[in-house]
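Data block below; observations after.
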Amino acid sequence: MDERLIKPGLPQPPTFDRLSDERLYRKQRLAAAFRLFAHFGFDEGVAGHITVRDPEFPHQFWVNPFGMYFGQIRVSDLVLVNHQGEIKQGDRPINAAGFAIHSQIHQARPDVIAAVHAHSLYGKTWSTLGRLLDPLTQDACAFYGDHALFDDYTGVVLEMSEGERLARTLGNAKAIILRNHGLLTVGHSVDEAIWWFITMDRSCQSQLMAEAAGTPIAIAPEIAQLTYTQVGSHYMGWFSFQSLYEMIVCQQPDLLE
């Protein structure tokens, strides 16, 4: 990102002296993410999963317990699982499809701290078109040249080989559209990955509405690329989430328990 856009006084991602403090930070953000997903209506029965890599054990990640409503998840409910599917902490099962997808992404992308997938209404609707998003708005430019299309649907992802294929298609991008399925985003923090999912779903909604109303005018490639550098950085993803985190913790402080 252009450092000129980071004005003095803006908050910065925290650093930690103790791994236990960093773990708590990540788990608090993860629990807040589930509450926000319930708030935004991204819950769909038992579908959806968000993971965050453990800072001490990078081959393990925290995830939501299978079947628990997003709007009731607390820090203490989160489950720790390794890449072999063994639950290291927690006493509830996890989503098998979520494990097949997220374990492969975390293994393929050491830079990814968090990965997000849910069956949000506009994301799954857009996915049926089998297309990448166009740079129609400033917000959509966060994904310009930085999202992929998994142009195949073979049922619920339960096989590790399918998760591996998905991770390979994602490549180094921040997001992927899973045809006939929905959206998946990743980030260098829980905060960033969650924000990309929220704004990507809204960008899907925006393009669906624009195309239903007429013929939208896309942003020129050179301007879309410039705008990407302004709104699509790791920092902007992290920063954009902070006010949402403060809001949901203020409204639902029990999530921190």
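The values are calculated or read from the model by the stated rules, or taken from the named source; none is laboratory data. Keep in mind it's a predicted model, so treat the numbers as computed, not measured. Virtual Cβ from ideal backbone geometry, glycine too; neighbours counted across all protein chains shown. Keep in mind that these areas ignore ligands, DNA and RNA; they rest on the heavy atoms of the full protein, side chains included. Shrake-Rupley method; radii C 1.70, N 1.55, O 1.52, S 1.80 Å.
See the values below:
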| quantity | calculated |
| --- | --- |
| Residue in the range 62-79 that is in a helix (DSSP H, G or I), closer than 16 Å to W238 by Cα and in contact with a helix residue (DSSP H, G or I) (Cβ under 6 Å, 6 or more places away or on another chain) present | no |
| Some residue of the range 30-39 being part of a loop (DSSP other than H, G, I, E, B) and out of contact with any strand residue (DSSP E or B) (no Cβ under 6 Å at 6 or more places or on another chain) | no |
| Residue identified as closer than 15 Å to V63 by Cα, within 14 Å of the chain's Cα centre (by Cα) and modelled with pLDDT of 95 or more among H102, H117, H106, H188 | H117 |
| Filter result for M247 (part of a helix (DSSP H, G or I) and under 17 Å from the mean Cα position of the chain (by Cα)) | no |
| Exclusive hit being free of Cβ contacts under 8 Å to residues at least 24 places away in the same chain and either open to solvent by 20 Å² or more (accessible area, probe 1.4 Å) or closer than 21 Å to F42 by Cβ (or both), set G145, G182, G171 | G171 |
| Condition met for Q84 (out of contact with any strand residue (DSSP E or B) (no Cβ under 8 Å at 6 or more places or on another chain), assigned to a loop (DSSP other than H, G, I, E, B) and open to solvent by 20 Å² or more (accessible area, probe 1.4 Å)) | yes |
| Close pairs (8 angstrom Cβ cut-off, 6 or more residues apart or separate chains): closer than 14 Å to S103 by Cα in the range 66-92, among the acidic types (D, E) and open to solvent by less than 50 Å² (accessible area, probe 1.4 Å) anywhere | L80/D54 |
